[in-house]
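The values are calculated or read from the model by the stated rules, or taken from the named source; none is laboratory data. Quick caveat: nothing in here was measured; it's all calculated off a predicted structure. Positions of Cβ are backbone-derived with ideal geometry, glycine not excepted, and every protein chain shown enters the neighbour counts. The area values use the complete protein model at the heavy-atom level, side chains included, leaving out ligands, DNA and RNA. Shrake-Rupley method; radii C 1.70, N 1.55, O 1.52, S 1.80 Å.
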Amino acid sequence: MATRIFLRFFSFLLASFIGAACCLYAQSDNYPANYAKEPRFKALLYYSENVEEAHKQFAKDAIDFFTRLTEGDGYILETTSSLKEYDYENLKEFNTIIAVNISPSDPEERKLFEKYMENGGGWLGFHAAGYNDANTGWPWFNEFLGCGNFYCNNWPPQPALVDVDISDSPVTKNLPVSFVTPETEWYQWNPSPRENPNVEVLLSLSPKNYPFGLKDVIFYGDFPVVWRNSNYRMIYLNYGHGDRCFSDATQNLLTINAFRYVVSQSPDGDPFLK
Ligand code: ZN
């Protein structure tokens, strides 16, 4: 009897020891994954339906793409067509605004956006979200983008060879040095953002594309297509026209890298380390 009791006690001790060891292992710093216990951050996708058809198509695909990225409740995505649906206190709860086809156009919305960005807000802007010209009348937006106005574009939309300018950035991580993108309309800017010392140009349209276009043909010129202005937590991506922009794994990786980078630079800390 005494032997049986001892064996039971020994088994209990062994089971406790194994259980404790498993717990310790699970909590170890060496555990390779950090599963989200709750959504890590909030993002606000900002778009309009009152734009040209190809920019509406892009917005529809962008909503699908960024919604798929929330799978498993990794982050919360809301969509809006007016930043004025939020007051500043609510707007600043969003880690990042994903601007897919518009920029703020009325004075109140512009002031709200300026305040958000000047106080550490994040912006991932595609294609028409950065469009401006002589009629835009918003000097702050030029300073924010880090370049002059829209200058010219190719037509029709088409694929292009793009070169990675900075290969050791988290934004260009695991991209090839050059790759061919899906078809899109490309905007050229004047003066180029490369002339701004605060701007880091991450990818450019390769000069090998010239002459570029069939109807509207671009013959030369510096042509940055992805950049960040270090004065703000922002990245601009030049593509975003039509329904092909999420059809390519390499460009999708660039999109995710850029989104992840902007989100991770939050002044409240990197939510992926939470
Ligand atoms: Zn366009």
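Quick check on Tyr210: is it more than 16 Å from the ligand (Cβ to nearest atom), over 25 Å from Phe66 (Cβ atoms), hydroxyl-bearing (Ser, Thr, Tyr) and at pLDDT 95 or above? I'd like the intermediate steps shown before the answer.
Values: more than 16 Å from the ligand (Cβ to nearest atom): yes; over 25 Å from Phe66 (Cβ atoms): yes; hydroxyl-bearing (Ser, Thr, Tyr): yes; at pLDDT 95 or above: yes.
Taking the combined requirement at face value, the residue satisfies it.
Restricting the first member to the range 43-58 and to residues that are under 11 Å from His127 (Cβ atoms), and the second to residues that are near the ligand (Cβ under 9 Å from one of its atoms) and not in a loop (DSSP other than H, G, I, E, B), the beta-carbon pairs closer than 6 Å and six or more apart or on different chains are His55/Ala128.
Which strands (runs of 3 or more DSSP E) does the range 167-254 wholly contain that include 3 or more residues that are open to solvent by 20 Å² or more (accessible area, probe 1.4 Å)? Can you show your working first?
Numbers: elements: 178-180, 187-190, 199-205, 224-229, 233-237.
So the answer is none; nothing clears 3.
For the range 16-52, a residue qualifies if it is surrounded by 10 or more Cβ atoms within 10 Å (Cβ to Cβ), out of contact with any Leu (no Cβ under 9 Å at 6 or more places or on another chain), of a type outside the set (Ser, Thr, Tyr) and modelled with pLDDT of 50 or more, and the qualifying residues are Ala36, Pro39, Arg40, Phe41, Glu49, Val51, Glu52.
For Ser82, state whether it is over 21 Å from Ala258 (Cβ atoms), within 16 Å of the ligand (Cβ to nearest atom) and of a type outside the set (D, E, K, R). It is false that Ser82 is over 21 Å from Ala258 (Cβ atoms), within 16 Å of the ligand (Cβ to nearest atom) and of a type outside the set (D, E, K, R).
Inside the range 223-270, can you point out the residues that are over 13 Å from Leu202 (Cα atoms) and among the aliphatic types (A, V, I, L, M)? First the steps, then the outcome.
The initial filter retains those residues of the range 223-270 that are over 13 Å from Leu202 (Cα atoms), namely 231-233, 239-253, 256, 259-260, 262-270.
Scanning the range 223-270 gives Ala249, Leu253, Ile256, Val262, Val263.
For every residue, the table says whether it meets (1) in contact (Cβ under 8 Å) with a residue 60 or more places away in the chain; (2) open to solvent by 70 Å² or more (accessible area, probe 1.4 Å).
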{"site": "Arg68", "(1), (2)": "no, yes"}
{"site": "Ser82", "(1), (2)": "no, no"}
{"site": "Lys92", "(1), (2)": "no, yes"}
{"site": "Asn95", "(1), (2)": "yes, no"}
{"site": "Ile98", "(1), (2)": "yes, no"}
{"site": "Glu109", "(1), (2)": "no, no"}
{"site": "Phe113", "(1), (2)": "no, no"}
{"site": "Met117", "(1), (2)": "yes, no"}
{"site": "Ala134", "(1), (2)": "no, yes"}
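Based on this model, can you work out whether Ser192 counts as among the polar types (S, T, N, Q) and in contact (Cβ under 8 Å) with a residue 40 or more places away in the chain?
yes
Filtering the range 149-166 to residues that are within 13 Å of the ligand (Cβ to nearest atom) and assigned to a strand (DSSP E or B) leaves Phe150, Cys152, Asn153, Trp155, Gln158. Within the range 95-150, being among the hydroxyl-bearing types (Ser, Thr, Tyr) and touching a Ser or Thr at 6+ places or on another chain (Cβ under 9 Å) holds for Thr96, Ser103, Ser105, Tyr131, Thr136. Summed over the range 129-144, residues that are over 24 Å from Phe219 (Cβ atoms) and not in a loop (DSSP other than H, G, I, E, B) total 7.
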